[in-house]
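K.L.:
Here it is, the structure, as structure tokens.
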Amino acid sequence: MSVTEDPYSAVRTEMLETQLRKRGIKNLAVLEAMAQVPRHEFVPEPSRNLAYSDEPLGIGGGQTISQPYIVAAMTEALDLRGTERVLEIGTGCGYQAAVLARLSREVYSVEVRPELARSAAERLARLSYGNVHVHCGDGSMGLKEFAPYDAILLAAAAPELPQPLLEQLNEETGRLIAPIGQEDRQQLFLVRRHGATYTTEHREGCRFVPLIGRHGWKAWGL
């Protein structure tokens, strides 16, 4: 698509330079994925002029699309090589899933809200992300039927690492990135699995909407 056909090309390039590269995002594959995914297609029409701004944006129902830097930082932490089966918890509008889809073999994404799951699935299909499979359910329980996963990304805040997600990681090379902490303030945790052993690395602070589910902050029809 040419610049003429894509009026957001210039602001997307600016996003890469000022929000990602200058803050230390170095993985070239992640930068390329962020350059290719049309973020403006994932935000509501009234907010499209802000699609590439350095902030989270509301997508309805009290949910948000994360700021570009956080999407890139969490994706980079998973160190994807293109062959992985990835689980995402919290589909939202589908933007994070689209970025993951460009860097992995298959993405399974779970959204607790039926209306968001439905709209995200339709949007991802329209944009030809055929390797993303959206499911509706309690994401804090994971998606056991397709486990194990090489990587898991939790796009909602949990009070502690959900045990079902840890158990669904690949035993040899599994890694998980998740915001853990209080409802209004969290820290990113990067977990690596080696058999029965899990190592945890604390990363930057962040703020996500609360994870809804049995192992989250709130219940949703449970």
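K.L.:
Does residue 149 satisfy the condition of being open to solvent by 10 Å² or more (accessible area, probe 1.4 Å) and of a type in the set (Ser, Thr, Tyr)?
P.N.:
no
K.L.:
Continuing with the same structure: Among the residues of region 100-124, count how many are closer than 19 Å to residue 209 by Cβ, among the acidic types (Asp, Glu) and assigned to a strand (DSSP E or B).
P.N.:
1
K.L.:
Would you mind telling me which numbered condition in (1) over 22 Å from residue 111 (Cβ atoms); (2) surrounded by fewer than 21 Cβ atoms within 10 Å (Cβ to Cβ); (3) of a type in the set (Val, Ile, Thr); (4) touching a residue at least 40 places away in the same chain (Cβ under 8 Å) residue 18 fails?
P.N.:
Here residue 18 meets the rest and fails (4).
K.L.:
List every residue pair whose Cβ atoms lie under 7 Å apart, where the two residues are 6 or more positions apart in sequence or sit on different chains, the first residue falls within region 21-34 and is closer than 11 Å to residue 73 by Cβ, and the second residue, located anywhere, is among the aromatic types (Phe, Trp, Tyr) and part of a helix (DSSP H, G or I).
P.N.:
Qualifying pairs under 7 Å: 23/69.
K.L.:
Which residues, counting only those in region 126-146, are surrounded by fewer than 22 Cβ atoms within 10 Å (Cβ to Cβ) and hydrophobic (A, V, I, L, M, F, W, C)?
P.N.:
127, 136, 141, 146
K.L.:
Answer yes or no: is there a residue in region 68-79 that is modelled with pLDDT of 95 or more, of a type in the set (Val, Ile, Thr) and in contact with a Ser or Thr (Cβ under 9 Å, 6 or more places away or on another chain).
P.N.:
no
K.L.:
I would also like to ask the following. Kindly establish whether residue 96 is in contact with a strand residue (DSSP E or B) (Cβ under 9 Å, 6 or more places away or on another chain) and over 17 Å from residue 211 (Cα atoms).
P.N.:
It is false that residue 96 is in contact with a strand residue (DSSP E or B) (Cβ under 9 Å, 6 or more places away or on another chain) and over 17 Å from residue 211 (Cα atoms).
K.L.:
Next up: Within the set of pairs 6+ apart or on separate chains, which have a first residue in region 193-209 that is under 29 Å from residue 65 (Cα atoms), a second that is open to solvent by 80 Å² or more (accessible area, probe 1.4 Å) and part of a loop (DSSP other than H, G, I, E, B), and C-beta atoms under 6 Å apart?
P.N.:
none
K.L.:
Another question, if that's okay. Any residue that is open to solvent by 20 Å² or more (accessible area, probe 1.4 Å), at negative phi and at pLDDT below 95 - is there at least one of those in region 36-45?
P.N.:
Checking region 36-45: at least one residue is open to solvent by 20 Å² or more (accessible area, probe 1.4 Å), at negative phi and at pLDDT below 95.
K.L.:
Being surrounded by fewer than 18 Cβ atoms within 10 Å (Cβ to Cβ) and out of contact with any Lys or Arg (no Cβ under 6 Å at 6 or more places or on another chain) is true for just one of 118, 123, 113. Which residue is that?
P.N.:
118
K.L.:
For residue 105, are the conditions met, namely being over 18 Å from residue 191 (Cα atoms), among the basic types (Lys, Arg), touching a Cys at 6+ places or on another chain (Cβ under 9 Å) and surrounded by fewer than 20 Cβ atoms within 10 Å (Cβ to Cβ)?
P.N.:
Taking the combined requirement at face value, the residue does not satisfy it.
K.L.:
Something else about it: From the residues in region 172-200 that are at pLDDT 95 or above and among the charged types (D, E, K, R), which one is most open to solvent (accessible area, probe 1.4 Å)?
P.N.:
Here the residue is 192.
K.L.:
Need the failing condition index for residue 69 against (1) in contact with an Asp or Glu (Cβ under 9 Å, 6 or more places away or on another chain); (2) part of a loop (DSSP other than H, G, I, E, B), just the number.
P.N.:
Result: residue 69 passes all but (2).
K.L.:
For the structure I just gave you, tell me whether residue 214 is basic (Lys, Arg) and over 16 Å from the mean Cα position of the chain (by Cα).
P.N.:
Yes; evaluated as a whole, the condition is true for this residue.
The values are calculated or read from the model by the stated rules, or taken from the named source; none is laboratory data. Please read all numbers here as calculations on a predicted model, not as lab measurements. Note that each Cβ is placed from the backbone with ideal geometry, even for glycine, and that neighbours are counted across all protein chains shown. What goes into the accessible areas is simple: the full protein's heavy atoms, side chains included, and nothing from ligands, DNA or RNA. Shrake-Rupley method; radii C 1.70, N 1.55, O 1.52, S 1.80 Å.
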